[in-house]
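Enquirer: Got a structure for you, written out below as structure tokens; questions coming shortly.
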Amino acid sequence: MIDLIQETALKILRQSPDVVVRNKLKFEILDQQGIGQEVFSIDASQHVKTLADEQHDDGSWGRFHSQDSRRKQKFPTTEFAVQRAVHLGIDHAHPILAKAASYIEKVLDQSIPFPDPPESNNRWETGKRLFLASTLSLILPDHPLVTRERSLWLDIASRAFQSGEYCLEDEIAAHAELTGASIKHSYLTLRGKYQLNLIGTHRRKSAFPFEKPLVTWLWEQSEGIGYFTVPLNLPPGNKPEAVDRWLASLDLILTRFPVGAQQIQPAIQSLLEQQSNDGCWDFGPCPRSSPFLPLSENWRKPNHRKFDWTTRALCILARYYC
């Protein structure tokens, strides 16, 4: 399978794709196999230039988590812009992400205020720190403030799975003791993308005791991972937005909980079955408000839409089969 993934990546590269596609194929697929390819500066991408142009002087892009619908912005929130930057392949040392990390650190240590309107409930303080730490972990996973918040969520996850499988009552009790937040039917339950991302950035030599039961539990969720809201165990149909979130869900599990990856094998098989005869994938028009797509500058150019969807699929398959 790796040979087929590699062959498709090289096929795309021979057609001179845009810089982001070229670099992702090199770093996420071909470098793993020791195949040399020329690297281009990520700053050549118009997507990167737009990120830099829209970034505020303080390192943010305005509100952090909740969009202000009154403002017409190319990046609705700071966390969205950071996700976009990371997925485009911008390095943590790049000025865009260095400035963003510095800003998030100041908000997380309360040197400056959280920019969004507050919620009137006992979840808000925990939620704010979660959004901030999870986003910062995409840039600097070993940052001390990330480590602090990750330790909290590792403790919560360990207690929620202490019986060997997920128990809502145990998770509720963990929050009652550790955060004081009421979490039932809320975004703070462990299936949320922020919690999963934060927990999974912990660098360890072996799997968490709860890793396989966690992925099994996520696989069985009818609404999928929180904020992605598509079931992992059902093909998402032909709507690009649903496909985009389904792929993001698979990617999150494969990058953060690789030991549990065997639990999602049917989804990987479904992805393979959607490959066209030319070895590529094309799930249609660019999904709205996606931090993951587009990668290419212009989808009106021949094959660029196909290059982008195929690159996403290949990167997911490479993580699974490597």
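What follows is calculated from the coordinates using simple rules that are stated; it is not laboratory data. Because the structure is predicted, anything quoted here is derived from the model rather than measured. All Cβ positions, glycine included, derive from the backbone under ideal geometry; neighbour counts span all protein chains shown.
Enquirer: What ranking do 208-214, 52-58 get when scored by the average of other Cβ atoms within 10 Å per residue, highest first?
Expert: 208-214, 52-58
Enquirer: Determine, for each peptide in 153-163, 138-148, 75-85, the mean count of other beta carbons within 10 angstrom over its residues, then list the peptides with the highest first.
Expert: 75-85, 153-163, 138-148
Enquirer: Equivalent ellipsoid semi-axes for the range 245-297, as square roots of 5 times the alpha carbon gyration tensor eigenvalues: give them largest first, rounded to whole Å.
Expert: 22, 17, 9
Enquirer: What is the distance, in nm, between label points placed 7 Å from the Cα along the Cα-to-Cβ direction at Q262 and at D57?
Expert: Calculated label separation equals 5.6 nm.
Enquirer: Within 10 Å, Cβ to Cβ, of I90, how many net charges do the neighbouring residues add up to if Lys/Arg are +1 and Asp/Glu are -1? Please list the in-between numbers first.
Expert: On the way: positive: R84; negative: D43, D91.
Computed value for this residue: -1.
Enquirer: Can I ask one more? Dividing the Cα convex hull volume of the range 214-322 by residue count, how many Å³ per residue is that?
Expert: 100
Enquirer: In a solvent-free Debye calculation with one equal scatterer on each Cα, what is log10 I(q)/I(0) for the chain at q = 0.12, 0.16 Å⁻¹, listed in the order of the q values?
Expert: -0.86, -1.52
Enquirer: A further question on this structure: Regarding the range 63-112, what are the three Cα extents along the principal axes, ordered largest first, in Å?
Expert: 33, 29, 12
Enquirer: How big is the gap, in Å, between the Cα center of the range 228-250 and the Cα center of the range 285-322?
Expert: So the two Cα centres are separated by 14 Å.
Enquirer: Work out the FRET efficiency for L154 and F27 from their Cβ-Cβ distance, taking R0 = 25 Å, and round it to the nearest 0.05.
Expert: Values: r = 29 Å, r/R0 = 1.15.
With a Förster radius of 25 Å, E is 0.30.
Enquirer: What Kirkwood radius, in Å to one decimal, follows from the Cα pairs of the range 35-174?
Expert: Radius from the Kirkwood sum: 16.7 Å.
Enquirer: Then there's this: How big is the dipole moment of the range 197-322 about its Cα centre under a simple scheme where the beta carbon of each Lys and Arg is +1, that of each Asp and Glu is -1, and everything else is neutral? Debye, nearest 20, please.
Expert: Result for the range 197-322 is approximately 380 debye, rounded to the nearest 20.
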